[in-house]
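Chemist: Could you have a look at this structure, given as structure tokens, before my questions?
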Amino acid sequence: MTTPESVGRAAHEVRKLLNLVVRQPERLPELSLPDLDLTLRAARRARLLGHLGYRLRDQGSTNQLPQVALDQLHGGMAMADARARLASWELDRIAWAMSSGRQVPLVVMKGCAYLFLRLPNAPGRLFADVDLMVAENDLHYVEEVLEDMGWESAELTPYDDNYYRRWTHELPPLTHVEREVEIDLHHNILPRTARLKPSGERILAQSHRLPDSRYAVPCDEDIVLHAMVHLMFDSDLADKLRDLVDIADLLDHFAGADAAFWDRLVLRASELDLRRPAYYSLRYASRLLDTDYPERIAGEIRRWAPPWIVVRIMDRLVPRALYPQHPDLPSRATELARLLLYVRSHWLRMPPWLLAYHLSVKFLRKNLRLA
Amino acid sequence: MTANSTGAARVGDLSEQHFGQRLHDGIGVQIGPFAARIVVRSERIVESLYRLYRDYALLPDDTVFSFHVRLDERRGVPGLRAPRVRFSVDGRAPHEDMPAEQALAVLEWGINLVIALRSHAFLMLHSAIAEFRGHAMLLPAAPGAGKTTLCAGLSLSGWRLFSDEFGLMRPGTPDMLPVPRPLALKNESISVIRGFSANANLGPEIPGTRKGTVAHLRPPGDSILRSEDAAPVRWLVFPEWRPDTPCALIELPKQEGFMHLATNAFNYELLGESGYNAVATLIGTASCHRFVYSDLNEAVALLTDFANDDT
């Protein structure tokens, strides 16, 4: 029988299992068969199957798993590899299309940057789309070149197209006629209308060209801050545990190589007006995934916190939203938490008058088939 | 889970009533290399499933499953809304609800869909496959080319059924893996198979599906009992059903066979290099043929004679 208690226990069980295997993937083979089954189902929903597969393979502990479990991990790895291959090919084609004409800087962001820099979170990571950043002045030029070379802008209603161009930090997604990968062309990491105002120019200024490549990558701090702002400011957090794992892996990697990374990160978060998302990211990475940051920056980060009541509410909502639901026993409370965080993400993305206008257009279109 | 000796308990060892109860609560069955957990909350298909799944080995609850699928029937409102069924996997519905009369077909297609979308540890060719004297014959074709009918005919004539849909192999190994499933016969094929063999055990005819009328043929018991026995491919035969045409088996250049095979796969491109290597190995060892047929009796006789002479 489904009772509130059994739903609560199920949610707790999913979190406990995912926490264990994300932090210590080598312990996956120790799980009982039903726990292993539930872990794999939850990891699939959280898009972490390929990630776990690669971690386990690196540690050489895959041969202790039942064949059916191994097959699922291998499937997740193959899927992630395939998406990364598609993204790499798309980047290759974009580089080709942009090889003549003006040599505008092209900065790869997110998954593409992880891939090019061979960061530890790249293997097994499921790609969504290709994220590129260019200077705002170059945006139009890059769009024109790509459209000349066979990419097409998503077919949108005039309202949506205008919405993208006027209010956001990116163009409507571009897709090549022969392929399916979507390219998001950005000039910043947050919409123009967002409460926080990071400077796209500063991010570009600190980016550096990769050797033997048409592309540049952001500096290490900006790679991490972009992941942080994307998760904690610009999303509803639903099933986004993978994004927090990215952040934890990146911090571990950069700070592990150079402890002064922490100080640079703190400084950069202030420069780019990203203190609040950095605060939340560090809070939940340390609470949920055991990320350690040094005492000397803890005091500074505490000053970035919102009023304590907001922190208390976020502490209730965020873990609920991040972890996938138990596939057989979903919880209504979690759905509500996700709805609230969805509203929050819109609230942060635009001022109230624009939000009201935007939502009413969406509402009218959905219900009256207008606009 | 690989432990699945012939002594394992099977669906047919349960009473129909007990089976129905287990379906309601969730039942584990081994389908080739896949461990399936199936929940069915629709009384109307229990009897058919009991018949079609008679020979499948049962799995205990504490198993790592390849997938958890579920079929729920939602009651209708007389005069307003017809009853519908919802197929879901891990709590999510991959497509809209379907008319409840199609429940069996929806479940069977749903399981195929989940296998096709997830099983990237395997190379999945879009192919029927049957075994003769330890050698597998791949029959790859697009839907509508008659591969299910041909495969049903072979499996009712002494060949061992591997699958009417999935040519499954682990990249890096040469053997095909059986995934015996009920065969979904469509439209005219249903009466063709009824006429072909008195041993054909068919589920109910389901009219009005997106593929017309469908009836499921129970896989021969032997093919399920031996579903762990893999076999290497000896023959690649691309079938084409063409009305009023005499049966003919024509040798095909290997490079053409390669292209046909690679373009008739669920995940050849997704697997990249390992998919290429697997198909290359397969083409290297098997002979390639094009096969045109119209009459099933003739077709089965010709392929059986051919296989007989070639082993």
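Chemist: Among the residues of the stretch B:38-57, write down those that are over 16 Å from the mean Cα position of the chain (by Cα), within 22 Å of A:Pro66 (Cβ to Cβ) and buried (at least 20 other Cβ atoms within 10 Å of the Cβ).
Modeler: Hits for the stretch B:38-57 are B:Ile38, B:Ala57.
Chemist: May I ask you to say which residue of A:Ala298, A:Ala285 is of a type in the set (Gly, Ala, Ser) and touching a Leu at 6+ places or on another chain (Cβ under 8 Å)?
Modeler: Within the list A:Ala298, A:Ala285, the selection yields A:Ala285.
Yes or no, residue by residue, for (1) modelled with pLDDT of 90 or more; (2) in contact with a Pro (Cβ under 7 Å, 6 or more places away or on another chain); (3) more than 9 Å from chain B (Cβ to nearest Cβ):
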residue: A:Glu5; (1), (2), (3): no, no, yes
residue: A:Ala11; (1), (2), (3): yes, no, yes
residue: A:Arg23; (1), (2), (3): yes, no, yes
residue: A:Ala43; (1), (2), (3): yes, no, yes
residue: A:Ala113; (1), (2), (3): yes, yes, yes
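Chemist: Here are B:Arg74, B:Arg81, B:Arg92, B:Arg44: which of them is of a type in the set (D, E, K, R), in contact with a Lys or Arg (Cβ under 7 Å, 6 or more places away or on another chain) and farther than 26 Å from B:Ser127 by Cα?
Modeler: Every option except B:Arg74 fails the conditions.
Chemist: Hey, another quick one. Is the stretch B:228-242 home to any residue that is within 22 Å of the chain's Cα centre (by Cα), more than 14 Å from B:Leu138 (Cβ to Cβ) and crowded, with 19+ Cβ neighbours inside 10 Å?
Modeler: yes
Chemist: What helices (runs of 4 or more DSSP H) lie completely within the stretch A:252-371 and have 1 or more residues being closer than 30 Å to A:Leu48 by Cα and not aliphatic (A, V, I, L, M)? Steps first, please.
Modeler: Details: elements: A:261-271, A:275-289, A:295-302, A:308-322, A:332-349, A:352-368.
In the stretch A:252-371, the matching helices (runs of 4 or more DSSP H) lie at A:261-271, A:275-289, A:308-322, A:332-349.
Chemist: Can you confirm whether the stretch B:191-200 contains a residue that is under 30 Å from B:Gln255 (Cα atoms) and either surrounded by fewer than 18 Cβ atoms within 10 Å (Cβ to Cβ) or out of contact with any Ser or Thr (no Cβ under 8 Å at 6 or more places or on another chain) (or both)?
Modeler: Checked against the condition, which is being under 30 Å from B:Gln255 (Cα atoms) and either surrounded by fewer than 18 Cβ atoms within 10 Å (Cβ to Cβ) or out of contact with any Ser or Thr (no Cβ under 8 Å at 6 or more places or on another chain) (or both), the stretch B:191-200 yields no hits at all.
Chemist: Answer with yes or no whether A:Ser281 is among the hydroxyl-bearing types (Ser, Thr, Tyr) and surrounded by fewer than 20 Cβ atoms within 10 Å (Cβ to Cβ). Please lay out each step first, then the result.
Modeler: Values: among the hydroxyl-bearing types (Ser, Thr, Tyr): yes; surrounded by fewer than 20 Cβ atoms within 10 Å (Cβ to Cβ): no.
Criteria not met by A:Ser281.
For (1) more than 14 Å from every other protein chain (Cβ to nearest Cβ); (2) under 15 Å from the mean Cα position of the chain (by Cα); (3) buried (at least 22 other Cβ atoms within 10 Å of the Cβ), each residue gets a yes or a no:
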residue: B:Pro60; (1), (2), (3): no, no, no
residue: B:Pro78; (1), (2), (3): yes, no, no
residue: B:Ser88; (1), (2), (3): no, no, no
residue: B:Leu123; (1), (2), (3): no, no, yes
residue: B:Leu139; (1), (2), (3): yes, yes, yes
residue: B:Pro143; (1), (2), (3): yes, yes, no
residue: B:Gly158; (1), (2), (3): yes, no, no
residue: B:Gly167; (1), (2), (3): yes, yes, yes
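Chemist: Just checking, how many residues over the stretch A:57-86 are surrounded by fewer than 23 Cβ atoms within 10 Å (Cβ to Cβ), within 26 Å of the chain's Cα centre (by Cα) and under 22 Å from A:Lys16 (Cβ atoms)?
Modeler: Going through the stretch A:57-86 one residue at a time, the tally reaches 1.
Chemist: Residues of the stretch A:213-236 being touching a strand residue (DSSP E or B) at 6+ places or on another chain (Cβ under 8 Å) and closer than 19 Å to A:Glu170 by Cα, which ones?
Modeler: A:Tyr215, A:Ala216, A:Val217, A:Pro218, A:Ile223
Chemist: Do we find a residue being more than 14 Å from every other protein chain (Cβ to nearest Cβ) and touching a Phe, Trp or Tyr at 6+ places or on another chain (Cβ under 6 Å) anywhere in the stretch A:122-130?
Modeler: Restricting attention to the stretch A:122-130, the residues satisfying the condition of being more than 14 Å from every other protein chain (Cβ to nearest Cβ) are A:122-123, A:125, A:128-130.
If we keep only those that are touching a Phe, Trp or Tyr at 6+ places or on another chain (Cβ under 6 Å) too, we end up with A:122-123.
Yes, the stretch A:122-130 contains at least one residue that is more than 14 Å from every other protein chain (Cβ to nearest Cβ) and touching a Phe, Trp or Tyr at 6+ places or on another chain (Cβ under 6 Å).
Chemist: Taking the conditions exactly as written (modelled with pLDDT under 95 and either away from chain B (no Cβ under 13 Å) or at positive phi (or both)), does A:Leu48 satisfy them or not?
Modeler: When the stated conditions are applied, A:Leu48 does not pass them.
Chemist: If you check every pair at least six apart or on different chains, which have Cβ atoms under 7 Å apart with a residue in the stretch B:224-238 that is under 13 Å from B:Arg160 (Cα atoms) first and a residue that is small (Gly, Ala, Ser) and surrounded by 17 or more Cβ atoms within 10 Å (Cβ to Cβ) second?
Modeler: If the second residue must be small (Gly, Ala, Ser) and surrounded by 17 or more Cβ atoms within 10 Å (Cβ to Cβ), the pairs left are B:Ser227/B:Gly32; B:Ala231/B:Ala136.
Chemist: For the stretch A:86-109, state whether one or more residues are facing another protein chain (nearest Cβ under 9 Å) and either hydroxyl-bearing (Ser, Thr, Tyr) or without any contact (Cβ under 8 Å) to a residue 12 or more places away in the chain (or both).
Modeler: No: zero hits.
Chemist: Taking the stretch B:243-271, which residues are within 14 Å of chain A (Cβ to nearest Cβ) and either without any contact (Cβ under 8 Å) to a residue 40 or more places away in the chain or surrounded by fewer than 19 Cβ atoms within 10 Å (Cβ to Cβ) (or both)?
Modeler: Once the filter is applied, which keeps residues that are within 14 Å of chain A (Cβ to nearest Cβ) and either without any contact (Cβ under 8 Å) to a residue 40 or more places away in the chain or surrounded by fewer than 19 Cβ atoms within 10 Å (Cβ to Cβ) (or both), the stretch B:243-271 yields only B:Glu269.
Chemist: Quick check: is even one residue across the stretch B:165-181 under 14 Å from B:Pro219 (Cα atoms), in a strand (DSSP E or B) and not assigned by TED's automatic domain parsing to the domain that holds B:Ile45?
Modeler: no
Chemist: What's the number of the only condition in (1) more than 14 Å from chain B (Cβ to nearest Cβ); (2) out of contact with any Pro (no Cβ under 8 Å at 6 or more places or on another chain); (3) surrounded by 13 or more Cβ atoms within 10 Å (Cβ to Cβ) that A:Pro327 fails to meet?
Modeler: (1)
Chemist: Step by step: first the residues of the stretch A:198-247, then only those that are more than 12 Å from the chain's Cα centre (by Cα) and among the small types (Gly, Ala, Ser), then the one that is surrounded by the fewest Cβ atoms within 10 Å (Cβ to Cβ). Which residue is that?
Modeler: Filtering first and then ranking leaves A:Ala205.
Chemist: Here's something else I'd like to know. So B:Asp72 passes all but one of these: (1) under 19 Å from the mean Cα position of the chain (by Cα); (2) within 21 Å of B:Gly20 (Cβ to Cβ); (3) within 14 Å of another protein chain (Cβ to nearest Cβ). Which condition number does it fail?
Modeler: (1)
Chemist: Quick one: A:Leu272 ticks every box in (1) under 26 Å from A:Glu201 (Cβ atoms); (2) touching a Lys or Arg at 6+ places or on another chain (Cβ under 6 Å) except a single one, so which number is it?
Modeler: So the condition that A:Leu272 fails would be (2).
Chemist: Follow-up question, since we're still on this one. Do you know which of the residues in the stretch B:275-285 that are surrounded by 15 or more Cβ atoms within 10 Å (Cβ to Cβ) and of a type in the set (Gly, Ala, Ser) is nearest to A:Ala80 (Cα to Cα)?
Modeler: Checked the stretch B:275-285; the qualifying residue nearest to A:Ala80 (Cα to Cα) is B:Gly275.
Chemist: In this structure, is A:Ala42 more than 20 Å from B:His68 (Cα to Cα), in contact (Cβ under 8 Å) with a residue 40 or more places away in the chain, crowded, with 22+ Cβ neighbours inside 10 Å and not hydroxyl-bearing (Ser, Thr, Tyr)? Break it down into steps so the answer makes sense when it comes.
Modeler: Working: more than 20 Å from B:His68 (Cα to Cα): no; in contact (Cβ under 8 Å) with a residue 40 or more places away in the chain: yes; crowded, with 22+ Cβ neighbours inside 10 Å: yes; not hydroxyl-bearing (Ser, Thr, Tyr): yes.
No, not satisfied.
Chemist: May I pose another question? Given the criterion without any contact (Cβ under 8 Å) to a residue 24 or more places away in the chain, more than 15 Å from A:Phe233 (Cβ to Cβ) and either surrounded by 13 or more Cβ atoms within 10 Å (Cβ to Cβ) or touching a His at 6+ places or on another chain (Cβ under 9 Å) (or both), identify the matching residue among A:Leu364, A:Leu288, A:Leu265, A:Leu359.
Modeler: On the way: A:Leu364 fails: either surrounded by 13 or more Cβ atoms within 10 Å (Cβ to Cβ) or touching a His at 6+ places or on another chain (Cβ under 9 Å) (or both); A:Leu288 fails: without any contact (Cβ under 8 Å) to a residue 24 or more places away in the chain; A:Leu265 fails: without any contact (Cβ under 8 Å) to a residue 24 or more places away in the chain.
Result: A:Leu359 is the single residue among A:Leu364, A:Leu288, A:Leu265, A:Leu359 that is without any contact (Cβ under 8 Å) to a residue 24 or more places away in the chain, more than 15 Å from A:Phe233 (Cβ to Cβ) and either surrounded by 13 or more Cβ atoms within 10 Å (Cβ to Cβ) or touching a His at 6+ places or on another chain (Cβ under 9 Å) (or both).
Chemist: In the stretch B:90-114, what residues are within 14 Å of chain A (Cβ to nearest Cβ) and either free of Cβ contacts under 8 Å to residues at least 40 places away in the same chain or in a loop (DSSP other than H, G, I, E, B) (or both)?
Modeler: Of everything in the stretch B:90-114, those that are within 14 Å of chain A (Cβ to nearest Cβ) and either free of Cβ contacts under 8 Å to residues at least 40 places away in the same chain or in a loop (DSSP other than H, G, I, E, B) (or both) turn out to be B:Asp90, B:Gly91, B:Arg92, B:Ala93, B:Pro94.
The values are calculated or read from the model by the stated rules, or taken from the named source; none is laboratory data. Remember, predicted model here, so these are calculated numbers, not experimental data. Cβ sites come from the backbone with ideal geometry, for glycine too, and all protein chains shown count toward neighbours.
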